[in-house]
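Read-outs: derived from the displayed coordinates by stated rules, not from any lab. Since this is a predicted model, take the numbers as computed values, not measurements. Using ideal geometry, Cβ is built from the backbone for each residue, glycine included, and neighbour counts are taken over all protein chains shown.
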Amino acid sequence: MAERLDEQKIATLRLWADGLAREERDEMRAAARAILMLIDEVELLHVELWHAGRLNAAESEDELPELPAERASLRSVLRERLRKTAGTAPD
């Protein structure tokens, strides 16, 4: 399994993207934009995961805010993992 993206690795990716954004070739600038978009997505997922961790495991699916369809499956996967983790964590 690959190592997780911590703040230092994300900062390094931002530096790479900044360098690529200054390149003359369109492909390099496009790669820079793609890296930045992925960083934004990773940061958004971190926020969503943090919020999901704060939710009470007993809350029902109906009580949760609506998400776009592509996020709903991720949310259900994360929720299930959090429930499994919470079930094994010492009190």
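As a proxy for reagent exposure, 82, 15 were ordered by neighbouring Cβ count within 10 angstrom, fewest first; the result is 15, 82. A simple spin-label model places the labels of residue 9 and residue 49 1.0 nm from each other, with each point 7 Å out along Cα-to-Cβ. The ranking of 42, 47 from fewest to most other beta carbons within 10 Å of each one's beta carbon is 47, 42. Each of residue 42 and residue 82 was given a label point 7 Å from its Cα along the Cα-to-Cβ line. The distance between the two points is 2.2 nm.
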